[in-house]
Amino acid sequence: MFKRVLVANRGEIACRILRTVHAQGLQAVAVYHHEDRAAPHVQLADAAVRLEADVPSAAYLDQLQIIAAARRAGADAIHPGYGFLSENASFAERVADAGLTFVGPDAEVIRLMGDKVRARAFAAQHGVPVAPSVVESDPGRFAAGAQAIGFPLLVKAAAGGGGKGMRIVRTAAELPESLRVAAAEAQRYFGDGRVYAERYIEQPRHIEVQVLGDGSGNVVHLFERECSLQRRYQKIVEESPAPNLSAALRHAMCDAAVRLASAARYRNAGTVEFVLAPGGEFYFLEMNTRLQVEHPVTEYVLNVDLVAEQLRIAGGGGLSFAQAGLVPRGHAIECRICAEEPEHEFRPATGRIGVLEVPRGPGIRFDGGVRAGQTITPAFDSMLAKLIAYGPSRAEAARTLAEALQRLVLIGVPTNVDYLARVLRHPQFLAGQLHTGFLAQHAQELLPNDVPAELAAATLAALLADPDFCACAFDVPEPHASIGQWRN
Amino acid sequence: MAQLKSRMPYRLQVNGRDAEVDILARRPRLRVRIGPDVYAVAAARERGEKFSFAIDGVPYHGWRCIVGDEVHVRLNGRTHVVRLLRHDPQRAVAALQDEVRASMPGVVVAVHCESGQALAAGDRLLTLESMKLQMTLLASHEGTVAQVHVAPEAVFERGALLVSFTRQERRNP
Amino acid sequence: MKPLESAVRTSSAEFRRRYAHNQALAAQLRARQDAARHARPARDLERLATQGKLLPRERLQRLLDPGTPFLELSTLAANLAYGGESPGASCITGIGVVSGREVLVHADDPTVKGGAWYPLTVKKIVRALDIAIENRLPVVHLCDSAGGQLQLQSALFPDRYMAGRIFRNQSVLSKMGVQQLALVFGHCTAGGAYVPALSDYNVIVRGTGAVFLGGPPLVKAATGEVVSADELGGCDLHTRISGTCDYPAADEEEAIRIGREIVAQWERQPKWRLPEQAAEAPLMDPDELYGIIPDDIKQTFDMREVMARILDGSRFHEYKPAYGTTLICGFAHLWGYRVGILANNGILFNDSAIKGAHFIELCNQNNTPLLFLQNITGYMVGREYEAAGITKDGAKMIMAQTCSHVPKLTLMCHGSFGAGNYGMCGRAFDGRLLFSWPNHQIAVMGGEQAAGTLAEVKLRQLQRTGAAADPAQMRQLREATLKAYEEQTSAYYSTSELWDDGILDPVDTRNALGIALSAALNAPAGVPGNGVFRF
């Protein structure tokens, strides 16, 4: 087992990984760009190494610097977190070549699953349902294949993910132009212009299955998560278990995920993502060969520490439980707190966090990566923290989370906190009527409702912070203050 | 009182909507008019991020932080943004400067603006050289250039008129 | 301290008659004040509007802290002068609160002949600045005046207490460390230019504000130069080039905002005395004052009834109650401040005069401000009293009162005739503020008495020359005397000439005196000491 782990990441996930590294009795090394020098993850680590880069996010993508930092700091393992280099096969290879342990799958599996076209083919090969699709480089054959599947279609980047480079095509006439634009986008974002198209499912649900493998063909699943509530193609509310899901369907999806992961001799943590159509058919979407943002909800219902499992597997310790030993209890919901303005198309916001008061209590978990006084810039992703709540039932988990959101104080930079609270109280959410278009469909109902008395209170709170108003309100001497408005 | 139109209320915006606040009385309670409604306020002067007071007997407490002209207030599980509209004394100062004159003798090195050009505060006007020092004159406020009175290599005396702006309209109160 | 007891019967015929009379006087006062404050020819108001200017009272309202009182002084100055051409003497003065500070405000009134200064305007402004000096009140000037009324220059320019005294007072205030701010809304011409120049801070409105020793017409006449007011002394010139003005403002509201912010920077001077206790409203209703004040100058009333309707909790601690009973002396609280009261309840005798002198000494020893409630027809006359030394005793009271180092306030409740005025701190005795009620009359002696005395003198004169007295001539003399006295003894005449700082509706007395007292306590007491008492 290694002794020192370098966390090649930042923000809330770096803090979360560091916590488990310490809990396991290991030492932690952080890396940071100058702009992150005061960030919490730097303070939490035992050692920190500064990375040089003109663009801050580029620092966390600098493979050679990171590996050099690991060497310099005496780290013998590197945990990549999510995003950044976590699904970069050549990085995984370089880490291994440097004699360090990469906490994650093998490079070839990363490469396989990173290529969406190859991944689909692999899934289909192993009996995992895939959506009817077209993968052709020739435009004519592409158009024919598209006709065969039928419209609407979803055009996606082969090397893509995270909702980028996707377009919905509803008629054959739109197809050529959409392909051209999608290919150009794919080239720009991922450096790979290959695209493919799948049947587009209306009002689909996004269900994913967490898996852990020991690399020798042993794979367990840790049940499913529902991640349908998305805006800008990004998840903002996730939960486990998925509501309104039949036992048969759950079973089938988890089995399919295990089948896929075992076939790949998967090692370490991964997530198999599916699209669930209203009619009950599910199709393989992609496999993420890393820890997911929303992993805490799985940890809550199964009472496990996934990062601890990752470290154990990477250290050669294998899986610590068998499938039969994993029995989900209760319900957990997570929401992603982002610096953005929901009332302005969720555009990302910047600013300085003036006050941060974190709600505490049973069944509440706050995974944050920011502190009061920190400036949020466009340099990094807009997600500031995750708030997760657990309860014996879904209704209770939702109530606990909504209340925790209300108790959370994170002001100085606009956030989606109040918006999330409204989502969690929406009757359709509480009824579990979820699909990826939920937030767009209910946009009007999710607008804020101003209560005049509270607006007055907010106005007053602001004025009482103004020295001029206070002087006028409190400094008038006697007897003038008592006489009040009077003229002789 | 007939002088109702002579009040000078606090003007602000709450969550983007205009609002006005007036202090009506201070004893026995601070009475404040916010928008069309009058409230009795029990509050003490307290600085800092936490606040607590009562309006019409209903207690409120929460947090606030100041972000430039805005105050972000969190109470009852909601965040509100209040922007105080203050007068900017620089506006009156800036509006005066319809003419840019040389503060010492020198020579024009480069001209960066032209007649009819609309400029923002901070835009470059001219680069001059005096006493072996070069300096670039910037527009002190937004405005439209009426005329540039010098050309490159022109020599000028102290007080010489360099650039003139279109005269601002006088505001009506 | 026990509350006073009232013997007034509000159902009596006398009460109801007096009530109707005084309520009518109060209504008349309000009507005349409203006219003086607001009635202006339409064209004067329109002219201001086209210039983009606010009315002076609109400026004042925006300047003052919202929800605060304003004690306006001498609203009816010049009401019986210049044929009524100068309501309020073309200016507004008063005590108010700006940015939490007590200040004295002086505002020119451009709706009256362009704000030109009449002789009484100058007197009113000098008086306002005297009040500022004596009470250490910061001053805010709202300047907008066409300059002095040239036709009346001999009455407003050359003498010691005329226009120059304004600028002398401004300089003295500045030397004392008492701040002044001038907001220039219109022209400040000739001497008027010194108002902003001698103010510690000033703000000028772009386009309409201008400061110059000589205005465009004078400049043209003197040198032939043709120049506009703005070019000659406007905002640009004085804020950028000459440095005469400190802050440019785009419009009047902005000027006022800047002014309020300036006042908010001023250091708050500690008051000489703070309220000793919480204020307490009188137990008896001040409205009853209307029924207590007589409807005839020769009638009397019990001053205790007035005191009970002004003082905190109607409480009064009487000093030496059994002696000199025509002068009530004692301690009380007004808006929580401790005050020493001297109130006439009859004519002054030897014992009341020396009791008054002794009580004044006690108040000086005790650092207690003095409040004089006047209703005096004079000292007792006659050989018996002269022999007992009433002149000496009156002199002692005057000496003690004049040499007081504590602040003094005076309220003319009814008559103020003859030497009684002096001992009771009349105008000449440097009280910080002096107010009167609408029923007040003041003269060296009562009209009837004067008519009688003059008739007596005429008769003796005729007897010496051996001529006969013509009854018609005597009657004419009597009527002429009475008429002149009637006009010149009234409170309106007195306030027109600025012999007081304003007429008060009796029900406003408590608030006015409270504000006055609070203002007075901004200045520390003077130097203790007395002259020689003739014992």
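The values are calculated or read from the model by the stated rules, or taken from the named source; none is laboratory data. Everything numeric in this text was worked out from a predicted model, so none of it was measured. Neighbour counts are summed over all protein chains in view; Cβ atoms, including those assigned to glycine, are modelled from backbone coordinates with ideal geometry.
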Going through segment A:404-427 in order, the residues found to be touching a residue at least 60 places away in the same chain (Cβ under 8 Å) and of a type in the set (Val, Ile, Thr) are A:Val413, A:Thr415, A:Val417, A:Val423
Of the candidates A:Asp466, A:Asp475, A:Asp381, A:Asp418, the one satisfying the condition of being at the interface with chain B (Cβ under 8 Å from one of its Cβ atoms) and modelled with pLDDT under 95 is A:Asp466
Checking B:Leu75, B:Leu84 in turn, the sole residue that is surrounded by 13 or more Cβ atoms within 10 Å (Cβ to Cβ) and either over 17 Å from A:Thr415 (Cα atoms) or among the aromatic types (Phe, Trp, Tyr) (or both) turns out to be B:Leu84
Reported set for segment A:212-227 where residues are surrounded by fewer than 24 Cβ atoms within 10 Å (Cβ to Cβ) and within 18 Å of the chain's Cα centre (by Cα) is A:Phe223
Picked from segment C:312-325 (must be free of Cβ contacts under 8 Å to residues at least 40 places away in the same chain and not small (Gly, Ala, Ser)), the residue farthest from C:Glu280 (Cα to Cα) is C:Tyr323
- Looking only at segment A:165-174, decide whether some residue is of a type in the set (Ser, Thr, Tyr), buried (at least 18 other Cβ atoms within 10 Å of the Cβ) and not in a strand (DSSP E or B). no
Over segment C:155-208, the set of residues touching a Phe, Trp or Tyr at 6+ places or on another chain (Cβ under 7 Å), outside any helix (DSSP H, G or I) and without any contact (Cβ under 8 Å) to a residue 60 or more places away in the chain is C:Leu156, C:Thr189, C:Val203, C:Val205
Flagged pairs (Cβ under 7 angstrom, 6 or more apart or on separate chains; first in segment A:238-253, assigned to a strand (DSSP E or B); second surrounded by 17 or more Cβ atoms within 10 Å (Cβ to Cβ) and of a type in the set (Ser, Thr, Tyr)) are A:Ser240/A:Thr298
Among C:Met412, C:Met424, the single one that is modelled with pLDDT of 95 or more, in contact with a His (Cβ under 8 Å, 6 or more places away or on another chain) and not hydroxyl-bearing (Ser, Thr, Tyr) is C:Met412
Counting only residues that are in contact with a Gly (Cβ under 8 Å, 6 or more places away or on another chain) and within 14 Å of chain C (Cβ to nearest Cβ), segment A:429-463 contains a total of 0
For B:Gly62, the lone unmet condition from (1) in contact with a His (Cβ under 9 Å, 6 or more places away or on another chain); (2) facing chain A (nearest Cβ under 8 Å) is (1)
Of all helices (runs of 4 or more DSSP H) fully inside segment C:211-281, the set with 2 or more residues that are among the acidic types (Asp, Glu) and surrounded by fewer than 18 Cβ atoms within 10 Å (Cβ to Cβ) is C:229-233
Worksheet item: Can we say C:Gly96 is closer than 17 Å to C:Ala182 by Cβ, modelled with pLDDT under 95 and in contact with a strand residue (DSSP E or B) (Cβ under 8 Å, 6 or more places away or on another chain)?
Response: no
For segment C:284-338 the number of residues that are within 20 Å of C:Gln23 (Cβ to Cβ), outside any loop (DSSP other than H, G, I, E, B) and either in contact with a His (Cβ under 8 Å, 6 or more places away or on another chain) or not β-branched (Val, Ile, Thr) (or both) is 7
Confirm whether A:Ala431 is loosely packed, with under 14 Cβ neighbours inside 10 Å and more than 19 Å from A:Glu341 (Cα to Cα).
yes
By residue number, the members of segment C:484-531 that are more than 17 Å from the chain's Cα centre (by Cα), β-branched (Val, Ile, Thr) and within 21 Å of C:Pro407 (Cα to Cα) are C:Val527
Segment C:447-535: helices (runs of 4 or more DSSP H) wholly inside it with 1 or more residues that are more than 14 Å from chain A (Cβ to nearest Cβ) and more than 27 Å from C:Leu129 (Cβ to Cβ) are C:447-465, C:471-489
